[in-house]
Amino acid sequence: MPILVTGATGNVGRHLVGQLAAAGHRVRALTRDPDAAAFPDGVEAVGGDLADPSSLKAAFDGATAVHLLSSHQPANEPPGAGEVALAHAGELLAMAEQAGVRRVSVLWTGAQGPVEEAAKQSGLEWTIVQPGNFMANARLWAEDVRTEGVVREPFAQVAHYVVHEADIAAVAAAALTGEGHAGKEYTLVGPEGLTVPQQVAILSQAVGREIRYEELTEEQAEDRMRELGMGDEDIDFIVGWNADQANEDRLAAEAADIAAITGRPPRAFAQWAAEHADAFR
Ligand SMILES: NC(=O)c1ccc[n+]([C@@H]2O[C@H](COP(=O)([O-])OP(=O)(O)OC[C@H]3O[C@@H](n4cnc5c(N)ncnc54)[C@H](OP(=O)(O)O)[C@@H]3O)[C@@H](O)[C@H]2O)c1
């Protein structure tokens with residue numbers, strides 16, 4: 001019986017699909033464009049739009065477990081415009097239950113919302129996966145690094161416990177396939193707190209070239225997000241999140257033990273940088 005992975009083409013989802021398939025599970029990978037997606041051999045690609053529950057019947061049909069995003073990219077919005085919380089959360093969870101799903105892992109967006117609420121109210125075994133900033137956010141720097149050798153970000157002093165997407169996926173995989181994770185809310189952080197300048201220094205080493213760091217003011221950072229099409233609410237959330245050392249420290253203090261859940265220690269940013277160095281060359 002397959003495990004359905006939503007967000008299967010994304011930073012976390014592609015690791016989750018790969019890890020589940022490598023462990024011998026049947027995997028069904030949801031994407032809005034199955035023809036464009038490339039999944040490992042044996043993985044079943046299925047089309048569907050999370051904004052439209054009627055498009056998801058084939059995806060849920062016969063699945064025993066589901067990894068569910070709690071937000072989606074609305075149609076007709078620019079890619080940088082940000083995500084919105086999934087509407088129809090109750091309907092989606094009810095569909096899953098009726099289709100025979102027994103377990104769900106929900107990937108939060110930085111705060112719990114309607115999907116997490118609906119999962120908790122469902123009859124499913126639920127696990128909420130609550131990562132802090134992904135290491136993959138550094139991919140947003142790739143073009144400036146390639147063309148100008150620079151990273152521009154605000155808040156040089158704030159250390160983020162950035163977490164590797166493969167570790168987030170491994171926790172979701174454990175929740176979907178193992179015992180003892182039902183009813184758990186796992187805050188996930190990486191193994192060390194790193195400021196952006198420290199991340200840039202690690203990236204420089206991996207890429208083999210000096211990368212400069214230029215600190216933006218808060219206003220410059222907000223303008224940049226506005227130019228990408230983001231709304232004020234999203235901008236306020238992101239600025240508030242990234243400016244707040246106390247929030248980072250709270251996440252780190254609350255964090256679940258990734259090694260205990262997955263059987264291997266959390267990956268360091270140096271590993272992520274080595275894996276992705278070519279994107280910055
Ligand atoms: N970046 C961070 O620091 C951070 C921190 C905490 C939580 N998160 C959350 O983690 C989640 C996953 O992020 P990610 O970086 O792995 O994803 P991503 O690389 O941004 O990719 C987005 C994924 O969502 C899917 N998707 C978007 N809209 C969809 C829709 N309407 N219907 C079906 N699928 C849709 C896309 O599938 P297709 O395009 O193939 O259809 C793609 O697989 C996001 O909800 C994000 O808010 C991110």
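The values are calculated or read from the model by the stated rules, or taken from the named source; none is laboratory data. Because the structure is predicted, anything quoted here is derived from the model rather than measured. Here the Cβ is made from the backbone with ideal geometry for all residues, glycine too, and neighbour counts use every protein chain on show.
Scanning the stretch 70-86 for residues that are small (Gly, Ala, Ser) and either assigned to a strand (DSSP E or B) or at pLDDT 85 or above (or both) yields Ser70, Ser71, Ala85.
Among residues belonging to the stretch 217-232 that are in contact with a Gly (Cβ under 9 Å, 6 or more places away or on another chain) and not aliphatic (A, V, I, L, M), point out the one that is surrounded by the fewest Cβ atoms within 10 Å (Cβ to Cβ).
Only one residue fits best here, namely Glu227.
If you scan the stretch 4-26, which residues turn out to be among the β-branched types (Val, Ile, Thr) and surrounded by fewer than 24 Cβ atoms within 10 Å (Cβ to Cβ)?
Just the residues of the stretch 4-26 that are among the β-branched types (Val, Ile, Thr), to begin with: 5-6, 9, 12, 17.
If the condition is that a residue be among the β-branched types (Val, Ile, Thr) and surrounded by fewer than 24 Cβ atoms within 10 Å (Cβ to Cβ), then Thr9 is the only one that fits.
Going by what's in this entry, would Glu179 be described as under 20 Å from Ala259 (Cβ atoms), without any contact (Cβ under 8 Å) to a residue 12 or more places away in the chain and surrounded by fewer than 16 Cβ atoms within 10 Å (Cβ to Cβ)? Lay out the reasoning, then the answer.
Numbers: under 20 Å from Ala259 (Cβ atoms): yes; without any contact (Cβ under 8 Å) to a residue 12 or more places away in the chain: yes; surrounded by fewer than 16 Cβ atoms within 10 Å (Cβ to Cβ): yes.
For Glu179, the condition - under 20 Å from Ala259 (Cβ atoms), without any contact (Cβ under 8 Å) to a residue 12 or more places away in the chain and surrounded by fewer than 16 Cβ atoms within 10 Å (Cβ to Cβ) - is met.
(1) in contact with a helix residue (DSSP H, G or I) (Cβ under 7 Å, 6 or more places away or on another chain); (2) within 30 Å of Pro74 (Cα to Cα): which one isn't true of Asp223, the others all being true? Among (1) in contact with a helix residue (DSSP H, G or I) (Cβ under 7 Å, 6 or more places away or on another chain); (2) within 30 Å of Pro74 (Cα to Cα), Asp223 violates only (1).
Yes or no: the stretch 118-135 includes at least one residue that is within 16 Å of Trp272 (Cα to Cα), out of contact with any helix residue (DSSP H, G or I) (no Cβ under 7 Å at 6 or more places or on another chain) and at pLDDT 95 or above. Yes - at least one qualifying residue is present in the stretch 118-135. Whether any residue in the stretch 44-53 is over 22 Å from Gly178 (Cα atoms) and of a type in the set (Val, Ile, Thr) is what I want to check. Checked the stretch 44-53: at least one residue is over 22 Å from Gly178 (Cα atoms) and of a type in the set (Val, Ile, Thr). Each residue in the stretch 1-41 was checked for being more than 11 Å from the ligand (Cβ to nearest atom), touching a helix residue (DSSP H, G or I) at 6+ places or on another chain (Cβ under 6 Å) and not in a helix (DSSP H, G or I), and 4 pass.
Residue count for the stretch 44-69 under the criterion of being part of a loop (DSSP other than H, G, I, E, B) and within 13 Å of the ligand (Cβ to nearest atom): the result is 5. Look at the stretch 1-26: where a residue is of a type in the set (Gly, Ala, Ser) and a partner is more than 16 Å from the ligand (Cβ to nearest atom), sitting 6+ places away or on another chain with Cβ atoms under 7 Å, you get Ala21/Gly42.
Only residues that are assigned to a helix (DSSP H, G or I) and of a type in the set (Val, Ile, Thr): list them for the stretch 139-162, please. Once the filter is applied, which keeps residues that are assigned to a helix (DSSP H, G or I) and of a type in the set (Val, Ile, Thr), the stretch 139-162 yields Val145, Thr147.
Among the residues making up the stretch 161-209, a single one is over 25 Å from Ile3 (Cβ atoms), in contact with an Asp or Glu (Cβ under 8 Å, 6 or more places away or on another chain) and away from the ligand (no atom under 16 Å from the Cβ): Ser204.
Identify, from the list Glu116, Glu153, the residue that is free of Cβ contacts under 8 Å to residues at least 60 places away in the same chain and acidic (Asp, Glu). So that I can check it myself, show each step before the final result.
Details: Glu153 fails: free of Cβ contacts under 8 Å to residues at least 60 places away in the same chain.
Going through Glu116, Glu153 in turn, just one is free of Cβ contacts under 8 Å to residues at least 60 places away in the same chain and acidic (Asp, Glu): Glu116.
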